[in-house]
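**Q** Take this structure, written in C-alpha coordinates, and hold onto it; I'll ask about it next.
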Amino acid sequence: MNFCKLCNSRLLQKPDFSLPNIPSAQGFTTSKIGNTGNLELFTCPCCGLVQLTSEPVSYYKEVIRATAVSKEMRALRLKQFKKFFEKYKCKKTIEIGSGTGDYLEILTKVNKNSFGLEAGKNGIDACKDRGLKVFKGYLDRENKKIPNAPYDSFIMMNFLEHFPYPLVALRSIWNNLTDNSFGFVEVPNFEETIDEHNFLDFVPDHLLYFTKDTLSLMLNLAGFEVIKIESVFHNYILQAEVKKRILPSYANFKTEVVRLKKQIEHLLKKFPNRSLAIWGAGHHSLSLMSICGLNDKKIKYIVDNAPFKQNKLTPATFIPVVNPDYFVKNSPKAILVIAGGYNDEIVKQINAFNLNIKVFSFDKGILKNEK
Ligand SMILES: [Zn+2]
(Lines give C-alpha, C1' and ligand atoms only; values in the text may rest on other atoms or scores of the structure.)
Protein backbone atom coordinates (compact mmCIF):
# COMPACT_ATOMS: atom_id res chain seq x y z
CA MET A 1 0.00 0.00 0.00
CA ASN A 2 1.35 3.42 -0.96
CA PHE A 3 0.46 6.73 0.63
CA CYS A 4 0.37 10.21 -0.88
CA LYS A 5 3.58 12.18 -0.29
CA LEU A 6 1.50 15.29 0.33
CA CYS A 7 -1.72 14.43 2.19
CA ASN A 8 -0.90 10.86 3.27
CA SER A 9 -4.10 9.45 1.73
CA ARG A 10 -4.03 5.95 0.29
CA LEU A 11 -3.12 5.77 -3.37
CA LEU A 12 -4.88 3.34 -5.69
CA GLN A 13 -3.21 -0.04 -6.19
CA LYS A 14 -2.80 0.35 -9.93
CA PRO A 15 -0.98 3.29 -11.53
CA ASP A 16 -3.00 5.76 -13.60
CA PHE A 17 -0.37 5.74 -16.30
CA SER A 18 2.86 3.89 -16.98
CA LEU A 19 5.68 4.18 -19.47
CA PRO A 20 8.19 1.43 -20.22
CA ASN A 21 11.97 1.79 -20.12
CA ILE A 22 12.39 5.32 -18.86
CA PRO A 23 16.02 6.02 -17.95
CA SER A 24 17.10 8.34 -15.14
CA ALA A 25 18.23 11.78 -16.24
CA GLN A 26 21.78 11.52 -14.91
CA GLY A 27 22.53 7.84 -15.36
CA PHE A 28 25.25 8.43 -17.95
CA THR A 29 27.62 5.48 -18.11
CA THR A 30 30.93 4.37 -19.59
CA SER A 31 29.86 0.76 -19.96
CA LYS A 32 26.82 -0.99 -21.39
CA ILE A 33 25.80 -2.36 -18.00
CA GLY A 34 22.62 -1.23 -16.22
CA ASN A 35 18.96 -1.21 -17.12
CA THR A 36 15.91 0.97 -16.96
CA GLY A 37 12.59 0.33 -15.28
CA ASN A 38 8.97 1.14 -15.94
CA LEU A 39 7.74 4.49 -14.76
CA GLU A 40 4.38 4.37 -12.95
CA LEU A 41 2.37 7.46 -12.15
CA PHE A 42 -0.21 7.71 -9.36
CA THR A 43 -2.63 10.58 -8.82
CA CYS A 44 -3.76 11.08 -5.25
CA PRO A 45 -7.59 10.83 -5.24
CA CYS A 46 -7.74 13.33 -2.35
CA CYS A 47 -5.28 16.15 -3.02
CA GLY A 48 -4.58 15.50 -6.70
CA LEU A 49 -0.79 15.35 -6.45
CA VAL A 50 0.72 13.27 -9.25
CA GLN A 51 3.62 11.20 -8.00
CA LEU A 52 5.81 8.15 -8.41
CA THR A 53 5.90 5.54 -5.68
CA SER A 54 9.18 4.01 -6.81
CA GLU A 55 12.46 4.38 -4.95
CA PRO A 56 14.29 7.62 -5.72
CA VAL A 57 17.29 7.51 -8.07
CA SER A 58 20.64 6.72 -6.37
CA TYR A 59 21.82 10.36 -6.50
CA TYR A 60 18.52 11.98 -5.36
CA LYS A 61 20.17 14.01 -2.58
CA GLU A 62 22.46 15.82 -5.01
CA VAL A 63 21.56 18.64 -7.34
CA ILE A 64 22.91 18.06 -10.83
CA ARG A 65 22.02 20.65 -13.40
CA ALA A 66 23.50 21.96 -16.63
CA THR A 67 21.83 25.35 -16.55
CA ALA A 68 25.12 27.29 -16.53
CA VAL A 69 25.36 26.78 -20.26
CA SER A 70 22.15 28.72 -21.00
CA LYS A 71 22.55 32.48 -21.27
CA GLU A 72 18.80 33.01 -21.22
CA MET A 73 18.44 31.02 -17.99
CA ARG A 74 21.24 32.93 -16.26
CA ALA A 75 19.70 36.24 -17.25
CA LEU A 76 16.30 35.10 -15.96
CA ARG A 77 17.81 34.05 -12.61
CA LEU A 78 19.60 37.35 -12.13
CA LYS A 79 16.39 39.24 -12.81
CA GLN A 80 14.31 36.97 -10.52
CA PHE A 81 16.73 37.10 -7.58
CA LYS A 82 17.14 40.89 -7.81
CA LYS A 83 13.38 41.33 -7.79
CA PHE A 84 12.93 38.94 -4.85
CA PHE A 85 15.55 40.64 -2.66
CA GLU A 86 14.31 44.13 -3.50
CA LYS A 87 10.73 43.15 -2.75
CA TYR A 88 11.25 41.37 0.56
CA LYS A 89 14.40 43.15 1.81
CA CYS A 90 16.01 39.84 2.84
CA LYS A 91 19.52 39.94 4.24
CA LYS A 92 20.67 36.37 4.74
CA THR A 93 19.65 33.57 2.42
CA ILE A 94 20.22 29.85 1.98
CA GLU A 95 19.88 28.02 -1.31
CA ILE A 96 18.65 24.47 -0.73
CA GLY A 97 20.40 22.24 -3.23
CA SER A 98 23.15 24.38 -4.72
CA GLY A 99 24.69 21.80 -7.07
CA THR A 100 27.90 23.20 -8.49
CA GLY A 101 26.88 26.73 -7.55
CA ASP A 102 25.46 28.09 -10.83
CA TYR A 103 22.58 29.85 -9.09
CA LEU A 104 24.43 30.44 -5.82
CA GLU A 105 26.97 32.50 -7.75
CA ILE A 106 24.22 34.72 -9.17
CA LEU A 107 22.53 34.84 -5.76
CA THR A 108 25.80 35.95 -4.12
CA LYS A 109 26.11 38.77 -6.68
CA VAL A 110 22.64 40.00 -5.69
CA ASN A 111 23.12 39.43 -1.94
CA LYS A 112 26.60 38.90 -0.46
CA ASN A 113 25.22 37.06 2.54
CA SER A 114 24.13 34.01 0.50
CA PHE A 115 24.87 30.43 1.47
CA GLY A 116 24.27 27.05 -0.09
CA LEU A 117 23.32 23.61 1.16
CA GLU A 118 24.36 20.65 -0.96
CA ALA A 119 24.71 16.92 -0.33
CA GLY A 120 26.94 15.97 -3.27
CA LYS A 121 30.72 16.12 -2.87
CA ASN A 122 31.29 17.20 -6.48
CA GLY A 123 28.88 20.07 -6.05
CA ILE A 124 30.45 21.21 -2.78
CA ASP A 125 33.97 21.10 -4.23
CA ALA A 126 32.85 23.07 -7.28
CA CYS A 127 31.12 25.70 -5.10
CA LYS A 128 34.24 26.09 -2.97
CA ASP A 129 36.42 26.43 -6.08
CA ARG A 130 34.16 29.27 -7.15
CA GLY A 131 34.63 30.95 -3.75
CA LEU A 132 31.02 30.36 -2.70
CA LYS A 133 29.87 29.71 0.87
CA VAL A 134 28.40 26.21 0.97
CA PHE A 135 27.57 23.62 3.64
CA LYS A 136 27.26 19.87 3.24
CA GLY A 137 23.82 18.58 4.16
CA TYR A 138 20.45 17.16 3.19
CA LEU A 139 17.03 17.83 4.71
CA ASP A 140 15.86 14.39 5.81
CA ARG A 141 14.55 15.39 9.26
CA GLU A 142 12.20 18.18 10.30
CA ASN A 143 14.53 19.17 13.13
CA LYS A 144 17.66 19.18 10.98
CA LYS A 145 19.89 22.16 11.78
CA ILE A 146 21.21 24.04 8.78
CA PRO A 147 24.62 25.54 9.67
CA ASN A 148 24.63 29.29 10.26
CA ALA A 149 20.82 29.37 10.75
CA PRO A 150 18.53 31.18 11.21
CA TYR A 151 18.07 32.66 7.76
CA ASP A 152 15.53 35.27 6.73
CA SER A 153 15.04 33.74 3.27
CA PHE A 154 15.53 30.62 1.21
CA ILE A 155 15.69 29.67 -2.45
CA MET A 156 14.89 26.21 -3.78
CA MET A 157 15.19 25.79 -7.53
CA ASN A 158 13.80 22.66 -9.19
CA PHE A 159 14.77 20.41 -6.31
CA LEU A 160 11.54 19.83 -4.35
CA GLU A 161 10.23 17.37 -6.97
CA HIS A 162 13.16 15.03 -6.19
CA PHE A 163 12.35 14.57 -2.50
CA PRO A 164 10.83 11.26 -1.32
CA TYR A 165 9.69 13.19 1.80
CA PRO A 166 9.05 16.72 0.53
CA LEU A 167 7.08 17.94 3.55
CA VAL A 168 9.91 16.91 5.86
CA ALA A 169 12.33 18.98 3.78
CA LEU A 170 10.08 22.04 3.72
CA ARG A 171 9.33 21.85 7.45
CA SER A 172 13.02 21.54 8.12
CA ILE A 173 13.57 24.78 6.17
CA TRP A 174 10.75 26.40 8.19
CA ASN A 175 12.57 25.48 11.40
CA ASN A 176 15.73 27.19 10.21
CA LEU A 177 14.09 30.52 9.36
CA THR A 178 13.52 33.67 11.39
CA ASP A 179 9.91 34.68 12.08
CA ASN A 180 9.76 37.31 9.37
CA SER A 181 11.14 35.35 6.43
CA PHE A 182 10.42 34.62 2.78
CA GLY A 183 11.12 31.92 0.24
CA PHE A 184 11.36 31.40 -3.50
CA VAL A 185 10.47 27.92 -4.75
CA GLU A 186 10.51 26.60 -8.28
CA VAL A 187 9.39 23.25 -9.68
CA PRO A 188 8.66 21.98 -13.21
CA ASN A 189 5.16 22.98 -14.30
CA PHE A 190 3.00 19.84 -14.58
CA GLU A 191 0.11 21.92 -15.96
CA GLU A 192 2.23 22.40 -19.08
CA THR A 193 2.94 18.66 -19.26
CA ILE A 194 -0.80 17.96 -19.20
CA ASP A 195 -1.71 20.72 -21.68
CA GLU A 196 0.94 19.61 -24.18
CA HIS A 197 0.56 15.85 -23.49
CA ASN A 198 4.31 15.94 -23.05
CA PHE A 199 4.91 12.47 -21.66
CA LEU A 200 8.67 12.93 -22.10
CA ASP A 201 8.57 15.15 -18.99
CA PHE A 202 8.18 12.03 -16.85
CA VAL A 203 11.49 10.87 -15.43
CA PRO A 204 12.40 8.64 -12.45
CA ASP A 205 14.38 11.54 -10.93
CA HIS A 206 11.14 13.49 -10.43
CA LEU A 207 8.98 11.80 -7.83
CA LEU A 208 6.44 14.68 -7.75
CA TYR A 209 4.58 16.54 -10.52
CA PHE A 210 3.11 19.82 -9.31
CA THR A 211 0.26 22.02 -10.45
CA LYS A 212 -0.32 25.45 -8.89
CA ASP A 213 -2.88 23.85 -6.57
CA THR A 214 -0.75 20.95 -5.34
CA LEU A 215 2.37 23.10 -4.94
CA SER A 216 0.38 25.68 -2.94
CA LEU A 217 -1.13 22.96 -0.78
CA MET A 218 2.28 21.46 -0.08
CA LEU A 219 3.76 24.83 0.85
CA ASN A 220 0.74 25.57 3.06
CA LEU A 221 1.00 22.24 4.85
CA ALA A 222 4.68 22.90 5.49
CA GLY A 223 3.84 26.16 7.29
CA PHE A 224 4.12 28.75 4.52
CA GLU A 225 1.68 31.29 3.11
CA VAL A 226 1.83 31.49 -0.67
CA ILE A 227 2.11 35.15 -1.68
CA LYS A 228 2.32 34.57 -5.41
CA ILE A 229 2.45 31.58 -7.76
CA GLU A 230 2.90 31.76 -11.53
CA SER A 231 4.44 29.96 -14.49
CA VAL A 232 7.65 31.26 -16.08
CA PHE A 233 10.30 30.26 -18.66
CA HIS A 234 8.01 29.41 -21.60
CA ASN A 235 5.53 27.91 -19.11
CA TYR A 236 7.98 25.13 -18.13
CA ILE A 237 8.45 26.28 -14.54
CA LEU A 238 6.13 27.06 -11.64
CA GLN A 239 7.46 29.75 -9.37
CA ALA A 240 6.14 30.47 -5.88
CA GLU A 241 6.94 33.23 -3.43
CA VAL A 242 6.16 32.29 0.15
CA LYS A 243 6.18 33.76 3.63
CA LYS A 244 6.75 31.80 6.80
CA ARG A 245 3.41 31.52 8.58
CA ILE A 246 3.56 32.94 12.06
CA LEU A 247 1.54 31.08 14.64
CA PRO A 248 -0.81 33.21 16.73
CA SER A 249 0.38 34.30 20.15
CA TYR A 250 -1.90 33.43 23.05
CA ALA A 251 -0.20 35.81 25.51
CA ASN A 252 -3.04 38.35 25.14
CA PHE A 253 -5.65 35.68 25.88
CA LYS A 254 -4.02 35.03 29.27
CA THR A 255 -4.10 38.76 30.11
CA GLU A 256 -7.75 38.87 29.07
CA VAL A 257 -8.65 35.99 31.41
CA VAL A 258 -7.17 37.91 34.37
CA ARG A 259 -8.99 41.09 33.31
CA LEU A 260 -12.31 39.28 32.91
CA LYS A 261 -12.07 37.73 36.39
CA LYS A 262 -11.38 41.14 37.94
CA GLN A 263 -14.39 42.70 36.19
CA ILE A 264 -16.74 39.93 37.34
CA GLU A 265 -15.35 39.98 40.91
CA HIS A 266 -15.97 43.73 41.00
CA LEU A 267 -19.56 43.25 39.84
CA LEU A 268 -20.15 40.50 42.42
CA LYS A 269 -18.94 42.79 45.21
CA LYS A 270 -21.63 45.29 44.19
CA PHE A 271 -24.28 42.58 43.85
CA PRO A 272 -23.39 39.77 46.29
CA ASN A 273 -25.34 36.74 47.53
CA ARG A 274 -27.55 35.93 44.57
CA SER A 275 -28.60 39.49 43.87
CA LEU A 276 -27.16 39.16 40.35
CA ALA A 277 -28.57 36.98 37.56
CA ILE A 278 -27.19 36.30 34.09
CA TRP A 279 -29.10 36.33 30.79
CA GLY A 280 -27.76 33.92 28.18
CA ALA A 281 -26.83 30.24 28.39
CA GLY A 282 -24.73 30.16 25.21
CA HIS A 283 -21.16 28.91 25.19
CA HIS A 284 -19.59 32.33 25.87
CA SER A 285 -21.68 32.72 28.96
CA LEU A 286 -21.15 29.13 30.14
CA SER A 287 -17.38 29.43 29.78
CA LEU A 288 -17.28 32.83 31.48
CA MET A 289 -19.22 31.47 34.47
CA SER A 290 -16.93 28.47 34.72
CA ILE A 291 -13.68 30.46 34.34
CA CYS A 292 -14.83 32.96 36.99
CA GLY A 293 -15.88 30.21 39.42
CA LEU A 294 -19.55 31.27 39.52
CA ASN A 295 -22.14 29.00 41.11
CA ASP A 296 -25.70 29.04 42.48
CA LYS A 297 -24.54 30.70 45.71
CA LYS A 298 -23.26 33.70 43.80
CA ILE A 299 -25.71 33.85 40.86
CA LYS A 300 -29.49 33.79 41.34
CA TYR A 301 -30.21 32.03 38.04
CA ILE A 302 -29.60 32.12 34.30
CA VAL A 303 -32.32 33.37 31.96
CA ASP A 304 -32.51 31.97 28.47
CA ASN A 305 -35.11 32.22 25.73
CA ALA A 306 -34.45 28.67 24.47
CA PRO A 307 -37.06 26.29 25.97
CA PHE A 308 -34.74 23.26 25.74
CA LYS A 309 -32.29 24.88 28.18
CA GLN A 310 -34.95 26.00 30.70
CA ASN A 311 -35.52 24.03 33.94
CA LYS A 312 -32.05 22.52 33.68
CA LEU A 313 -28.72 23.31 35.35
CA THR A 314 -25.82 24.89 33.49
CA PRO A 315 -22.94 22.49 32.74
CA ALA A 316 -19.95 22.75 35.12
CA THR A 317 -21.42 25.60 37.21
CA PHE A 318 -24.83 24.00 38.02
CA ILE A 319 -26.87 27.20 38.06
CA PRO A 320 -30.62 26.83 37.28
CA VAL A 321 -31.80 28.06 33.88
CA VAL A 322 -35.19 29.83 33.92
CA ASN A 323 -37.52 31.40 31.36
CA PRO A 324 -38.14 35.16 30.95
CA ASP A 325 -41.54 34.94 32.78
CA TYR A 326 -39.79 33.59 35.87
CA PHE A 327 -37.29 36.44 35.62
CA VAL A 328 -40.09 39.05 35.58
CA LYS A 329 -41.81 37.49 38.61
CA ASN A 330 -38.60 36.88 40.62
CA SER A 331 -36.34 39.66 39.40
CA PRO A 332 -32.82 40.10 40.81
CA LYS A 333 -31.22 43.43 41.75
CA ALA A 334 -29.08 43.30 38.63
CA ILE A 335 -28.84 41.29 35.42
CA LEU A 336 -25.75 40.68 33.30
CA VAL A 337 -26.45 39.92 29.63
CA ILE A 338 -23.87 37.63 27.99
CA ALA A 339 -25.23 36.64 24.58
CA GLY A 340 -22.69 37.89 22.03
CA GLY A 341 -24.41 39.36 18.98
CA TYR A 342 -27.85 39.08 20.64
CA ASN A 343 -26.94 41.41 23.56
CA ASP A 344 -28.68 44.53 22.18
CA GLU A 345 -31.88 42.63 21.38
CA ILE A 346 -31.99 41.11 24.89
CA VAL A 347 -31.28 44.44 26.62
CA LYS A 348 -34.28 45.87 24.70
CA GLN A 349 -36.40 42.91 25.80
CA ILE A 350 -35.40 43.47 29.47
CA ASN A 351 -36.03 47.23 29.29
CA ALA A 352 -39.51 46.53 27.93
CA PHE A 353 -40.36 44.72 31.20
CA ASN A 354 -39.93 48.06 33.07
CA LEU A 355 -38.35 46.45 36.13
CA ASN A 356 -36.42 48.46 38.68
CA ILE A 357 -33.13 46.63 38.23
CA LYS A 358 -29.62 47.37 36.98
CA VAL A 359 -28.72 45.99 33.55
CA PHE A 360 -25.17 45.17 32.44
CA SER A 361 -23.87 43.51 29.32
CA PHE A 362 -20.63 41.75 28.49
CA ASP A 363 -19.24 41.19 24.99
CA LYS A 364 -15.75 41.03 23.43
CA GLY A 365 -14.07 41.78 26.79
CA ILE A 366 -16.15 44.87 27.54
CA LEU A 367 -18.49 45.10 30.52
CA LYS A 368 -21.09 47.80 29.80
CA ASN A 369 -23.48 49.48 32.18
CA GLU A 370 -26.73 49.44 30.16
CA LYS A 371 -29.16 50.84 32.74
ZN1 LIG B 1 -2.76 13.42 -1.53
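The values are calculated or read from the model by the stated rules, or taken from the named source; none is laboratory data. Note that the structure is a prediction, hence the values are computed from the model and not measured. Glycine also receives a Cβ, built like all others from the backbone with ideal geometry; neighbour counts cover every protein chain displayed.
**Q** For the condition of a type in the set (Val, Ile, Thr) and over 24 Å from residue 238 (Cβ atoms), what is the one hit in 108, 100?
**A** Selected residue: 108, the only one of 108, 100 that is of a type in the set (Val, Ile, Thr) and over 24 Å from residue 238 (Cβ atoms).
**Q** Right, something else. Within the stretch 196-205, how many residues turn out to be in contact (Cβ under 8 Å) with a residue 40 or more places away in the chain and either surrounded by fewer than 12 Cβ atoms within 10 Å (Cβ to Cβ) or among the aliphatic types (A, V, I, L, M) (or both)?
**A** Total satisfying the criteria: 1.
**Q** How many residues are outside any loop (DSSP other than H, G, I, E, B) and farther than 24 Å from residue 120 by Cβ when one looks only at the stretch 45-64?
**A** So the count comes out to 1.
**Q** Give me the pairs, please: first residue somewhere in the stretch 15-30 and part of a strand (DSSP E or B), second residue anywhere and of a type in the set (S, T, N, Q), beta-carbon distance under 8 Å, and either six or more positions apart or on two chains.
**A** 18/38; 19/38; 20/38; 21/36; 21/38; 22/36; 22/38
**Q** Checking residue 292 against (1) under 19 Å from residue 347 (Cβ atoms); (2) crowded, with 19+ Cβ neighbours inside 10 Å; (3) under 35 Å from the mean Cα position of the chain (by Cα), which single condition isn't satisfied?
**A** Among (1) under 19 Å from residue 347 (Cβ atoms); (2) crowded, with 19+ Cβ neighbours inside 10 Å; (3) under 35 Å from the mean Cα position of the chain (by Cα), residue 292 violates only (1).
**Q** Take the residues in the stretch 240-272 that are at pLDDT below 95 and part of a loop (DSSP other than H, G, I, E, B); name whichever of them is farthest from residue 359 (Cα to Cα).
**A** 246
**Q** Only one of 12, 19 is surrounded by 14 or more Cβ atoms within 10 Å (Cβ to Cβ), under 25 Å from residue 197 (Cβ atoms) and either within 28 Å of the chain's Cα centre (by Cα) or away from the ligand (no atom under 16 Å from the Cβ) (or both); which?
**A** 19
**Q** Related question: Looking at (1) more than 16 Å from the ligand (Cβ to nearest atom); (2) of a type outside the set (A, V, I, L, M, F, W, C); (3) not assigned by TED's automatic domain parsing to the domain that holds residue 126, can you tell me which one residue 82 breaks?
**A** Of everything listed in (1) more than 16 Å from the ligand (Cβ to nearest atom); (2) of a type outside the set (A, V, I, L, M, F, W, C); (3) not assigned by TED's automatic domain parsing to the domain that holds residue 126, residue 82 misses just condition (3).
**Q** What is the number of the single condition among (1) surrounded by fewer than 24 Cβ atoms within 10 Å (Cβ to Cβ); (2) within 29 Å of the chain's Cα centre (by Cα) that residue 105 does not meet?
**A** Of everything listed in (1) surrounded by fewer than 24 Cβ atoms within 10 Å (Cβ to Cβ); (2) within 29 Å of the chain's Cα centre (by Cα), residue 105 misses just condition (2).
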